[in-house]
Amino acid sequence: MRLLPTQMCRPGMRLAKKIYSEDGLVLLAENVELTAKLITRLYECGVHFVYIQDPRTADLIIPDIISEETRHRALSEIRTNFRDLMDRPNRKSGVTYPYIAKSFKQIMTMVIDDLTDQKDAMIMLMNMGIVDDYLFQHSLNVSVYTTLLGIANGYSRDELMTLGLGAMLHDIGKTQISMNILKKQGSLSRDEYEEMKRHAERGYYLLKDEPNIPLLAAHCAYQHHERLDGSGYPRGIRGNEIHEYAKWIGLVDSYDAMTTTRIYRNPLLPHEAVESLYAGTGTLYEQRMLQLFRDKVAIYPLGITVKFHSGESGVVVDINSSCPHRPVVRILNNELGEELKVPYEVDLSKQLTTMIVGVNEDQPIAEAY
Ligand SMILES: [Fe+2]
């Protein structure tokens, strides 16, 4: 299988992996043949990448970062609980929701188990489904990616639970922000932006009195938009005033926002997003955290098409976990763009003079486009 931008799919291609609906249910099964209409529809629904069958990479298996069961359960719980809170804006203080703590702790246990079961798990594209409501999928992505980084950072299981809960609930305050602002297409007015920014504080007040939610998780909601140099919000705290967990969540939150399809723009590719985050080294994000993050992100995900400076192109078939920016590539086309009769593989961690200069170039464009 290989990973193709939806716009580059052609009618007749077959799906190699399921496509999920917003709530984590299977919308299109494996092996479904794409039609021009289906391709257009997927693109319109915000599915910008799909896994496609290709006999030249038929042996390539791309594991999901969390199991289908965990994903479905998590999205369903997040959606149910967040929608419940959306229906009750201006919640009075002193009213708690013990169910939130119970259900989210159960989900986090599943996420931690899934991630600790995998050796060398990497942050890979996870937004392969229809996303009607960005908030739910985003909350799941941020908790999965942050937990993965937490494991790499050596946190204990208890610490991972608090970190993961903080990540899953970091934007819970958005349930108290008007839908008109949350879903507005185009830029927000000054007042609307000020209102949007209040989600951090509102999240804190929603969580801080929940007896079974660690207070630190509430602080993660409060602090996830604070930045190292004090340029963040709501309080403009800086450096060590920001808890380490909130720094991890802030970093992952930015990454997921950049690599996710939004109404107003196409997503960045992982390597573009990492580069953009690096521009904030020492000012917005800690260098040590960025380095660990970079080492755990598959910036060239399995199945993606890359082009070398020589003009040759091929598909990423293996990721060197100690050196994820130098993957193993199966060359399918020569420097003239001609298809090779016998593909061969290049391990970029060993062939250091070969450079990747493009991603998803020279691909067939769907007739629909
Ligand atoms: Fe946020």
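Annotations for the structure displayed:
- Ordering of 69-81, 285-297 by packing [mean C-beta count within 10 Å, highest first]: 69-81, 285-297
- With Cα atoms, 0 to 90° folded angle of helix 287-296 axis to the chain main axis: 50
- The value of relative contact order for the chain, using C-alpha pairs under 8 Å at least six residues apart, is 17 percent.
- Cα pair distances in segment 189-250, grouped into 10 Å bins until the bin that holds the longest one, percent each: 24, 50, 23, 2
- Summing Cβ point charges (Lys, Arg +1; Asp, Glu -1) relative to the Cα centre of segment 91-246 gives a dipole of roughly 440 debye.
- Protection-proxy order for peptides 152-162, 107-117, each taking the mean of Cβ atoms within 10 Å per residue, highest first: 107-117, 152-162
- Dimensionless Rg over Rh [segment 109-194; C-alpha; Kirkwood]: 1.07
- Carbon/sulfur fraction of accessible area - the chain, other protein chains in place, 1.4 Å, %: 49
- Viscosity 1.567 mPa s, temperature 4 °C, Stokes-Einstein D of segment 215-332 from Kirkwood C-alpha radius, µm²/s: 82
- Among 325-333, 134-142, the peptide with the highest mean count of other Cβ atoms within 10 Å heads the list, and the full ranking is 134-142, 325-333.
- Averaging 1/r across all pairs of distinct Cα atoms in the chain and inverting the result yields a Kirkwood radius of 21.5 Å.
- Listed by chain and number, the lysines whose C-alpha is less than 30 Å from the C-alpha of Lys119, apart from same-chain residues fewer than 8 away, are Lys17, Lys18, Lys102, Lys105, Lys247, Lys296, Lys307, Lys350.
The values are calculated or read from the model by the stated rules, or taken from the named source; none is laboratory data. Note that the coordinates shown come from a computational prediction; the quantities given were computed from them, not determined experimentally. Cβ: placed from backbone, ideal geometry, glycine included. Neighbour counts: every protein chain shown. In case anyone asks, the SASA skips ligands and DNA or RNA and just uses the protein heavy atoms, side chains included. Shrake-Rupley method; radii C 1.70, N 1.55, O 1.52, S 1.80 Å.
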